[in-house]
1. Counting partner chain Cβ atoms within 10 Å of every residue's Cβ in A:133-144, what's the average?
2. Going through the DSSP H helices of chain A, which span 15 Å or more along their own axis at the Cα atoms while scoring at least -1.0 as a mean Kyte-Doolittle hydropathy?
3. Dimensions of region B:27-143 along principal axes (Cα, Å, largest first)?
4. Over all distinct Cα pairs, what is the inverse of the mean 1/r for the protein assembly as shown, reported as the Kirkwood hydrodynamic radius in Å?
5. What is the percent of Cα-Cα separations in chain C that go past 32 Å?
6. Tell me the Rg and the Dmax, in Å, that the Cα atoms of region A:211-350 produce.
7. Working from the pairwise distances between different alpha carbons, so that the mean of 1/r is found and then inverted, what is region A:140-299's Kirkwood radius in Å?
8. Taking the convex hull of the Cα atoms, report for region A:458-537 its projected area averaged over all directions, in nm².
Amino acid sequence: MGAMTNHSLRSAFASPTGSVLSLCLIGLAAGCGPSENRVESGIREQVLHINNATDIRSLDPHTVTGLPEFHVVAALLEGLTAVDPEDMSPAPAAAREWEVSGDGTVYTFYLREDATWSNGDPVTARDFLFGFERILSPNLASQYAYMLFPMKGARAFNEGEIEDFGEVGARAIDDHTLEITLHQPVPTFLSLLSHNTWYPVHPDTILAHGAIDDPHTRWIRPENFVGNGPFTLERWATGRRIEVKRNPDYWDAGRIHLNGTHFYPLDPPVGERAFRSGQLHITDPVPPERIPYYRDQLPEVFMTDDFFGTYYFRLNVTVPPLDDPRVRLALSLALDREMIVDNIYGGERPAAYSFVPPGVPDYEPEPVIEPDLDRARELLSEAGYPSGEGFPSMRILYNTSDEHSAIAQLAQEMWRRDLGLNLSLENAEWQVYLDRTNRLEYHIARSGWIGDYLDPYNFLNTMAGGGGNNRTGWANDDYDALLNEIVGTRDTGARRQRIREAETLLVNEAPVIPLFFYNRMYLKHPAVQNWRPTPIGYRTYKDVRLAAEE
Amino acid sequence: MLIYIARRFLEALPVLFLVVTACFFLLRLAPGGPFSAEVDIPAATLARMEAHYGLDRPLFLQYTSYLGNLVQGDLGPSYHYPTRTVNEIIRDHLPISLELGLWGLLVALLVGIGAGVVSMVRPDSWLDSLPMGGAMIGICLPTFVLGPLLVLVFSLWLGWFNATGWNTAGDRVLPALTLGLFYAAYIARLTRGGMREVIGQDFIRTALAKGLPRGKVLAKHALRPGILPALAFLGPAAAGLLSGSFVVETVFHIPGLGREFVNAAFNRDYTLVLGVVVLFAAMILLFNLLVDIGQVLLNPRQRFE
Amino acid sequence: MSVTVPATALPSSAEHLSPGRLAWQRLRSNRMAMAGLAFLVFFSGLCLTGPWFSPYGFQEQPLIAEGATPPGAQHWLGTDHRGRDLATRLFHGGRISLLVGLLATAVSLTIGVAYGALSGFLGGKTDSAMMRFVDILYALPFTVFVILLMVFFGRSLVLLFLAIGAVEWLTMARIVRGQVLSLRQRAFVEAARILGQRPGKLLSGHILPNAAGPIIVYTTLTIPNVMLLEAFVSFLGLGVQPPMSSLGLLINDGATSMEGAPWLLIVPGLAFALTLFSLNFLGDGLRDAFDPRTGK
């Protein structure tokens, strides 16, 4: 995009408020801007400037927990498979091809001979084994070690029951052939492998800075980092930006257009302002208040994409009357989800009447329930609270955020107006919120889940009885039995059927009240081409190109 | 004077000790911990993480070993950023906050003293109320309104400055204004008050009676004693400029220590919070000392006691 | 209601009224201060009675998909993103903000006056020890302290501002101590002592009433500080509990949508700024009025 277009964009931004001041000043705007902004220099140099929304904590693929971290790690390291952004199917990455045994438990991966680490060493099967051993080491204390548990013996090794990594189902047949044995078939296994937990690390680099299972060494510093991904770590200035540079020795270097990417840790409103003043090519997410403006005035920069996540209320079923499924379902049926997403997100997020979000190739959401005020009131009076009479005072807990607050206020008002319930709100900062949901010290709590891999099971399993992510006190034997069946079923049709049954049971029992499905709403400069995010946050920067508009 | 400074330093030590002790135990009483996460962490994993940082030992032992390290200048590892130490984080971010604070102070002094002096040229006229009213905008608009407002006008509409960042000289202007105007208002009022008092005194009356131009009298004779009250305010102000820059750092996205500190408090990064508290407390004590010395130097009648 | 004059600081007998009356006369001639006072009376009046006359509830949401609507015939000051009447919320918010300001200030006033008066009255070693303690607290980084307080009291606004008031008393203590120290030596206090008045009576009956001027002035200047602090806490997202409102909360909400719905920032921002302006000008005016040396 050239200078002309940029000025027209800028004045388009400047006009809407119509305040006197702006009218006086717009005239000056065109002439006084900085000579070349970052968007323009980025296009010239093929450097992508992108807002990553937060300061990342670490770049260690085996200990990071957040998506912002994953977004950078995905540029620096590569796993056995990648995600094809077209259809979300597993695509070759560090492995050029693979074979699966007839019973679906043994996978053989053939690694590329031409793939190297950024220091020139070849990427070998042993490097992957080293990575698996590292993340499963009890002392590394990785929160996401469970991602490897489908592998035979992985769980036992992680929990210290076996100490010899040789007993774990992974071995190097030769330098470039890797065999992984699962303890039972997992239909989505190949997709799992694109997650950062399965990435290899460079053994010599790790060991040069500490033990294999020491999570606090400095190998992730730019001066030490060795990766096998399409980009190399150039600079990591906390609070400012992370710079990655094109890796000329990457096996697929010919496909990379970008010379580099800079990740910035800006809060959404700050990011939006930076985007408007030409400092960013992409900022994600858009502050909700600005959605209608961009959607209506600048649709060419306003983007929405699927995102594998659900926003819901948790109900503490150990507290009466929330122990009564009728009360819980009544609360769920009384919420006008369309109104909530219309009011807060300008209707840009899909209302949720089921739990598993869209994005799974062969499992589309189907409404399990339908909001129904009459039925909600009926259920409530059956439970002994006609028109909300006698309903105890309860609180809706949420962690500090304008968005959560607004959503909770709408729900509060709907329950007050339509069911006669007087609930109050309770705002808690993040750590307090976590503490209280963990200890079940709440009544109703705002919540969300973002899938780690594209499988409905990842969502449904959070509500397994007694599970650490359940946090509602809800346990249901039928539900847990269904979960077990899902794990053991290889036939995709039958598996889908079990998933649907489990989801239906869950949403009708209503320990959770789904409100809407997340999606990504972000601003993207028209110069950015081939930007294809995936619903699970995996990103490939390989094909991205910055094109000057004619 | 050297003895005075040495004594003040010695007095500062118990103050710092009390501050550290109070904050150490207060922080530990707060709900949540540095390793709480939204996903479930197995108890064994959590225990290992806590053991790594020695959080499994009795609280009092943790306290004494923290003090021991502190004396040697080691503020410990950050709990939130796994491979970074508090010393490193402070080293990375403090210079930026210092620079921001310095620019803010400059704005505060220039605008504040300027407005205060101008207002005394003709007290109780529009020349008095206008600059005073203007200076007061700083204390009547919270910084989180003033900041985005300045960005809206000067970077989004006018395009004069970048909306965020801390790279070019121009990036300093809006944050310094946002930060400085708040303190400018106080300094303006204190200067006005100080000048007003001085003007009533005999030597100024004499000078005016002799027919010297009022502006000249103000600048030459009244200014120095007149800004004394403002100077006394500089101690707390400088401290506030440093530690209070959180909002400005957030609005303009400046990688300073204020942001790190507030985030650390929310993340329960115990060591980082404590480290910054110690640092800020030490700096406040230092500033107060400097201000006291400055007051004596400006006011011959006062002595070091 | 703009200035709280606590009972202890009120002139207790007729002969002490004359300096007060004198100050009032001086204050009346200060236009800015009087304008400030008038606005404060006007705004607090609105906050107290406004919600009464408003046809809308402050938390009543019409539950419509459309966002905020600009000021118009139906909603004089427009509505917010949830469709709530802004005027009603402004009056409710103003009520809370003023209340919070007064509450925290009252706490700081009580502690500061008691501590300062005691320190000044006792004098000697006790005095210097008590003042050293104040110095120590001064060295605490204030923002740091507020954040620590929020971590603890985040759930309860009243507790939080009680705590803030408990920190804000330092300057008040210093001022009062200075006053008491100088008043102690004055002839009328000496006379009362010789006449056999008990120390407590001496302090409350003779010394404090004469220190009322500076106390009132500083009180007026503490309220805006606390209100700013409330705004800061709202910025961090830890202020009053929605759907209640406060000026700080309204301004923070408005600041995020200053372009799409500028009235959401302008209306509460103006009310907030004018209140703070008024309090500051009134404080300045009171200072000039109580301090004869600065007379024209």
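What follows draws every value from the coordinates through simple rules; no lab data is involved. A quick note: this is a predicted structure, and the numbers were derived from the prediction, not measured. Here Cβ is always computed from backbone atoms with ideal geometry, including for glycine, and neighbour counts include all displayed protein chains.
1. Working: counts 0, 0, 0, 0, 0, 4, 4, 3, 12, 2, 9, 2.
Averaged over the peptide's residues, the number is 3.
2. Working: long enough: A:3-14 (17 Å, 0.03); A:20-32 (20 Å, 2.38); A:125-136 (17 Å, 0.49); A:402-419 (25 Å, -0.86); A:477-488 (17 Å, -0.09); A:492-509 (25 Å, -0.97).
What comes out of the filter, once short or polar helices are dropped, is A:3-14, A:20-32, A:125-136, A:402-419, A:477-488, A:492-509.
3. The Cα atoms of region B:27-143 stretch 73, 35, 25 Å along their principal axes.
4. Its Kirkwood hydrodynamic radius stands at 32.6 Å.
5. Values: 15505 of 43660 pairs.
Counting every Cα pair in chain C, those more than 32 Å apart make up 36 percent.
6. Values for region A:211-350 (Cα only, Rg and Dmax): 22.4, 63 Å.
7. Working: mean 1/r = 0.0510 Å⁻¹.
Every distinct Cα pair counted, the radius reaches 19.6 Å.
8. Working: hull surface 30.3 nm².
The Cα convex hull of region A:458-537, projected and averaged over all directions, gives 7.6 nm².
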